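Right, one structure below, let's go through it.
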Amino acid sequence: MPVSRELQLPSGDKIPTVGLGTWTVWQGAEGEIYRAVKEAIKVGYRHIDCAWFYKNQGEVGQAIKESIEEGTIKREDLFVTTKVWNTAHRRDAVKENLKQSLSQLGLSYVNLLLVHYPISFKDGDDPYPKDNDGNIIFAYHDIVDTWKGMEDCIDADLTRNIGLSNFNHLQVQRIIDASRIRPSVIQLEVNPLLSNTQLVEYCQKRDIGVTAYAPLGFPNRSWKKKGEPDLLEEPVVKQLASAKGKTPAQIVLRCLLQRGLIIIPKSSSPARIKENLELFDTELSEDEMKQMAALDRNLRVYVDSISASHPEYPFNDF
Ligand SMILES: NC(=O)c1ccc[n+]([C@@H]2O[C@H](COP(=O)([O-])OP(=O)(O)OC[C@H]3O[C@@H](n4cnc5c(N)ncnc54)[C@H](OP(=O)(O)O)[C@@H]3O)[C@@H](O)[C@H]2O)c1
């Protein structure tokens, strides 16, 4: 199945199907994301996935600024996504949170703004506000009200598209039903160990582009439990890689593209940044796609257990 390098969104804008993830688990080493974004743009990435929560948008912005000044890209060539964090779900706080992101990124607009999670925390600058017992202080803003704040950001020309992240199908439907401007993209955890098929198809059928986060299953995550499968070591992935002269990561990423997904693998290594973009000269047959589909274990990397008691916790339904 041929795959496209870009998907058209309802706004008419095109989103590149391969982007660079920038979550380094609390900032990473200083300069890591600056160097990764600079390298990615140099080798042809035109889509960068960011978030207020990642606390590294200054580095992303610096890399974009220099790439534009050096003539590698123009702003209009680049698709930049950011996300509104849980502490800014009041309708008027959404725009303020986006303005902070824009100031960090050094941009006047982003291409896509997502609601990072459907769960809200107490408003403010602390991303994890806690009480004296160390419990997260929840807030209970209506997600529809938050969505109105997202629409306000389009009206203010601060973002070109708006969307969701980590919403389940019931929450997606509530937003669709109440929206003046529909969500154009949803970001979900998807990889062959967590195929998320029902929700992916639910969204795709409603003309919402689906971006797969943790597309490689975050293989080197520090919280990986003993005995959990390692996607890149799965025999079928290794066997397809060796048969096609590709790496295991490329097989996994190609498989996701063939499902019509947008992917945002994160890497800070120049070799792997390049590798993760070289996906358009190979193809998995229908039978090979079935072999990959059989890897599904419903294994979620980002469980977000601290929010499990919130009424909008999304992962108890598809
Ligand atoms: N919306 C959300 O709630 C949400 C949640 C999580 C993530 N995200 C977004 O999705 C992006 C990707 O997810 P993720 O970073 O969690 O996981 P991922 O992209 O599946 O995995 C990233 C890890 O894989 C390694 N890696 C990258 N390319 C590789 C390759 N070719 N071969 C072997 N290992 C490779 C990287 O190490 P090196 O850097 O050393 O290469 C990195 O540690 C994030 O960066 C973020 O932008 C969104």
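The values are calculated or read from the model by the stated rules, or taken from the named source; none is laboratory data. Note that the structure is a prediction, hence the values are computed from the model and not measured. Reconstructed Cβ throughout: ideal geometry from the backbone, glycine too, with neighbour counts over all protein chains shown. Keep in mind that these areas ignore ligands, DNA and RNA; they rest on the heavy atoms of the full protein, side chains included. Shrake-Rupley method; radii C 1.70, N 1.55, O 1.52, S 1.80 Å.
The residues of the range 35-55 that are open to solvent by 10 Å² or more (accessible area, probe 1.4 Å) and within 14 Å of the ligand (Cβ to nearest atom), listed by number, are R35, E39, V43, W52, F53, Y54, K55.
Of all the listed residues (L257, L295), the sole one being crowded, with 16+ Cβ neighbours inside 10 Å, more than 11 Å from the ligand (Cβ to nearest atom) and either aromatic (F, W, Y) or closer than 22 Å to T81 by Cβ (or both) is L257. Of the residues making up the range 274-292, those that are more than 15 Å from the ligand (Cβ to nearest atom) and either open to solvent by less than 70 Å² (accessible area, probe 1.4 Å) or aromatic (F, W, Y) (or both) are F280, L284, S285, E288, M289, Q291, M292. What pairs come up if the first residue lies in the range 22-44 and is among the polar types (S, T, N, Q), the second is away from the ligand (no atom under 12 Å from the Cβ), and their beta carbons are under 6 Å apart, counting only those six or more places apart or on different chains? That search, which allows pairs on different chains as well, returns Q27/K55. Only one of the listed residues (D152, D157, D123) is in a helix (DSSP H, G or I), acidic (D, E) and open to solvent by 10 Å² or more (accessible area, probe 1.4 Å). That residue is D152.
Considering A271, A249, A243, the condition of being more than 9 Å from the ligand (Cβ to nearest atom), at pLDDT 95 or above and not in a loop (DSSP other than H, G, I, E, B) is satisfied by A243 alone.
Name the single residue that is farthest from L231 (Cα to Cα) among those in the range 166-196 being of a type in the set (A, V, I, L, M) and not in a helix (DSSP H, G or I). My answer is I181.
The condition of being out of contact with any strand residue (DSSP E or B) (no Cβ under 7 Å at 6 or more places or on another chain) and crowded, with 21+ Cβ neighbours inside 10 Å holds for G61. Taking V237, is it within 14 Å of the ligand (Cβ to nearest atom), crowded, with 16+ Cβ neighbours inside 10 Å, without any contact (Cβ under 8 Å) to a residue 60 or more places away in the chain and not in a loop (DSSP other than H, G, I, E, B)? Yes: the conditions hold for V237. Restricting the first member to the range 174-189 and to residues that are more than 14 Å from E151 (Cα to Cα), and the second to residues that are part of a loop (DSSP other than H, G, I, E, B) and aromatic (F, W, Y), the beta-carbon pairs closer than 8 Å and six or more apart or on different chains are I186/F167; E189/Y302.
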